Amino acid sequence: MDEIEHPWRGLLATAAQVGAYSWVEAEISSMIGSWVTGQSEPSEKVDFFARSSKHRWHSELFFARLPVLAVLSPEDLVRPPNETFESFLNLVKATRSHSDQLVGLNLVLLPYLLGTYRQESATLSDLADGSTKQCLSLVIADLEQELSESGMIPAGGSALQRELELALQSSPGLRPDLNSVTDDT
């Protein structure tokens with residue numbers, strides 16, 4: 001029954017998607033890590049350092065789910081999903097003040113990721129994609145906790161939040177360009 005409800009999209013297509021997730025989590029880890037030195041309050045530094053480490057772990061979890069194939073190495077699959085999403089992420093990275101960084105992270109980027117990961121988990125097959133679903137469950141739980149602890153409520157109020165949401169909406173999100181991946185499986 002599971003296979004009828006959630007048809008398998010193929011090994012390489014799933015691997016390309018998981019590779020994009022690994023890439024974005026690594027980028028978030030690097031971004032937050034780069035923000036640590038710009039914080040004046042020790043508590044802000046500790047918070048960003050802990051969050052950076054958690055996203056690095058998410059990247060490693062996704063990377064561990066990538067197949068090792070004769071035609072493609074796992075490293076080849078860890079890449080930006082598309083140029084538009086990469087541009088959006090660069091806008092978030094470019095924020096300078098602590099409050100702007102929190103807006104970009106807690107009100108735009110992480111809620112988007114949480115929704116994407118939930119949707120992805122719902123479309124995966126228990127049979128064919130069980131380990132990836134388990135990985136997503138762990139990452140989803142972490143993101144829910146991270147957002148809950150941030151105490152920020154997505155209100156859509158600030159100009160920065162609206163700008164970032166518009167940039168995100170103009171992208172295809174985390175969907176990789178599958179033209180570069182052929183799947184004969």
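Going residue by residue through the range 100-107, is there one that turns out to be surrounded by fewer than 21 Cβ atoms within 10 Å (Cβ to Cβ), under 14 Å from the mean Cα position of the chain (by Cα) and more than 17 Å from Val36 (Cβ to Cβ)?
No: zero hits.
Check whether at least one residue in the range 1-19 is closer than 30 Å to Arg162 by Cβ and β-branched (Val, Ile, Thr), and report yes or no. Please lay out each step first, then the result.
At the first step, the residues of the range 1-19 found to be closer than 30 Å to Arg162 by Cβ are 17.
After this cut, where a residue has to be β-branched (Val, Ile, Thr) as well, the list is none.
There is no residue in the range 1-19 that is closer than 30 Å to Arg162 by Cβ and β-branched (Val, Ile, Thr).
Pick from the range 55-73 the residues that are of a type outside the set (A, V, I, L, M, F, W, C) and surrounded by fewer than 18 Cβ atoms within 10 Å (Cβ to Cβ): which of them is nearest to Ala20 (Cα to Cα)?
Here is the first cut: in the range 55-73, the ones of a type outside the set (A, V, I, L, M, F, W, C) are 55-56, 58-60, 65, 67, 73.
After this cut, where a residue has to be surrounded by fewer than 18 Cβ atoms within 10 Å (Cβ to Cβ) as well, the list is 56, 60, 67, 73.
On the way: Arg56: 14, Glu60: 12, Pro67: 14, Ser73: 14 Å.
Filtering the range 55-73 for residues that are of a type outside the set (A, V, I, L, M, F, W, C) and surrounded by fewer than 18 Cβ atoms within 10 Å (Cβ to Cβ), the one nearest to Ala20 (Cα to Cα) comes out as Glu60.
Tell me whether the range 25-46 contains one or more residues that are among the charged types (D, E, K, R) and either more than 25 Å from Ser150 (Cα to Cα) or under 14 Å from the mean Cα position of the chain (by Cα) (or both).
Restricting attention to the range 25-46, the residues satisfying the condition of being among the charged types (D, E, K, R) are 25, 27, 41, 44-45.
When the remaining residues are screened for being either more than 25 Å from Ser150 (Cα to Cα) or under 14 Å from the mean Cα position of the chain (by Cα) (or both), the result is 25, 27.
Yes, the range 25-46 has at least one match.
If you check Phe88 against the conditions, is it under 20 Å from Glu146 (Cβ atoms) and out of contact with any Leu (no Cβ under 7 Å at 6 or more places or on another chain)?
When the stated conditions are applied, Phe88 does not pass them.
Coordinate-derived values only; no laboratory data. The shown structure was predicted, so the numbers you read here are calculated from the model rather than taken from an experiment. Using ideal geometry, Cβ is built from the backbone for each residue, glycine included, and neighbour counts are taken over all protein chains shown.
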